[in-house]
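The values are calculated or read from the model by the stated rules, or taken from the named source; none is laboratory data. Remember, predicted model here, so these are calculated numbers, not experimental data. Counting neighbours? That spans all protein chains shown, and the Cβs are built from the backbone with ideal geometry, glycine included.
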Amino acid sequence: MIRIDVDLANPGQFFGCCGVFELAHRLWPDATAHFEAAQFVVSTGELTDLLERASQAPLVNLNVRDTAASPMQLGEPFDLRLDWWKAGAGDPSLKPWAGTMLASRIARAMQRELVDTLNKGFFDDGHVVIGSDGKKVEPYYFDARRGANALPLDVGFSADALSMETIAFPATEFFTLVGLQRFRPAVLGPRVFQYRAWRTPLPIALAALATVNVFPDTGPLLRFENSFRTDRRKHKAFSPAVHMNGDQK
């Protein structure tokens, strides 16, 4: 069994749990999962094993001429195509990064950190991530702790514009990239989304439907925004989520 501490009001952590379930399902097809209080529970598997395999799986661009937003393939033993940010494959308005950020470079940098996160709080492991070229790697901004501190309106200036070194959360960033391939939030408006944290153990296909609120009253319903974090309105970040109508069941 896999148990992960999770802050449901952090959409990055919620969809990061979904990414863990996605890869666990590909290793142990009969696994079910659910949210239980402040934890995410997968019925089958071992997190150490999953992280070791995920960190070693080949991750390649499928379009070598599109370095910023190419679909990617996470290879064996997962064999998972990642392209939810592409028009026609998913919802591009969920994508927080812009053309100056190389999606595969970020993914590989976060992937290399996965095993170490086990001893540092997993989703709570935050630090400056250094790429294979020795340079800092900025995250996608899925983790709402990073996003909330990056908005100029909140902090009075743009941390990005000043090239400040701030921390990334590798497990959140990598597994959210994976989780959004199957698990999508419902769209409420331009860059505004909602998701439901299901409380009943479900197989992966039903869990993805529960996330988009096909099954009402099965767990807390939360709303978040993919907010602009720079004055140029290109780069975005997932904001902290709020419970809808006081729904915290």
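Below is a table of values for the structure above.
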{"item": "Some residue of region 120-139 being in contact with a helix residue (DSSP H, G or I) (Cβ under 6 Å, 6 or more places away or on another chain), in a helix (DSSP H, G or I) and within 26 Å of residue 240 (Cα to Cα)", "result": "yes"}
{"item": "Residues located in region 73-101, provided they are within 13 Å of residue 180 (Cα to Cα), touching a strand residue (DSSP E or B) at 6+ places or on another chain (Cβ under 9 Å), not basic (Lys, Arg) and not in a loop (DSSP other than H, G, I, E, B)", "result": "80, 82, 93, 94"}
{"item": "Those strands (runs of 3 or more DSSP E) lying entirely in region 1-61 with at least 3 residues touching a strand residue (DSSP E or B) at 6+ places or on another chain (Cβ under 8 Å) and farther than 20 Å from residue 196 by Cβ", "result": "59-61"}
{"item": "Evaluation of residue 69 against (1) at pLDDT below 95; (2) within 23 Å of residue 126 (Cβ to Cβ); (3) crowded, with 17+ Cβ neighbours inside 10 Å; (4) hydrophobic (A, V, I, L, M, F, W, C) (one fails), failing number", "result": "(2)"}
{"item": "Boolean, residue 176 is among the hydroxyl-bearing types (Ser, Thr, Tyr), at pLDDT 95 or above and surrounded by fewer than 17 Cβ atoms within 10 Å (Cβ to Cβ)", "result": "no"}
{"item": "Matching option when the condition is at negative phi and surrounded by fewer than 21 Cβ atoms within 10 Å (Cβ to Cβ), among 24, 109, 54, 31", "result": "31"}
{"item": "Members of region 10-68 that are over 11 Å from residue 175 (Cα atoms), within 18 Å of the chain's Cα centre (by Cα) and among the aromatic types (Phe, Trp, Tyr)", "result": "35, 40"}
{"item": "Of all residues in region 85-101 being touching a residue at least 60 places away in the same chain (Cβ under 8 Å) and over 18 Å from residue 67 (Cβ atoms), the one that is surrounded by the most Cβ atoms within 10 Å (Cβ to Cβ)", "result": "94"}
{"item": "Near pairs, Cβ below 6 angstrom, 6+ apart or cross-chain, from region 102-114 (part of a helix (DSSP H, G or I)) to any residue that is of a type in the set (S, T, N, Q)", "result": "104/61; 111/55; 114/55"}
{"item": "Tabulated pairs, region 124-145, first over 17 Å from residue 17 (Cα atoms) and without any contact (Cβ under 8 Å) to a residue 12 or more places away in the chain, second surrounded by 13 or more Cβ atoms within 10 Å (Cβ to Cβ) and not polar (S, T, N, Q), C-beta under 9 angstrom, 6+ apart or interchain", "result": "133/105"}
{"item": "Qualifying residue in region 44-51 (condition: over 17 Å from residue 123 (Cα atoms), in contact (Cβ under 8 Å) with a residue 24 or more places away in the chain and not acidic (Asp, Glu))", "result": "yes"}
{"item": "Test result for residue 53, basic (Lys, Arg) and closer than 20 Å to residue 182 by Cβ", "result": "yes"}
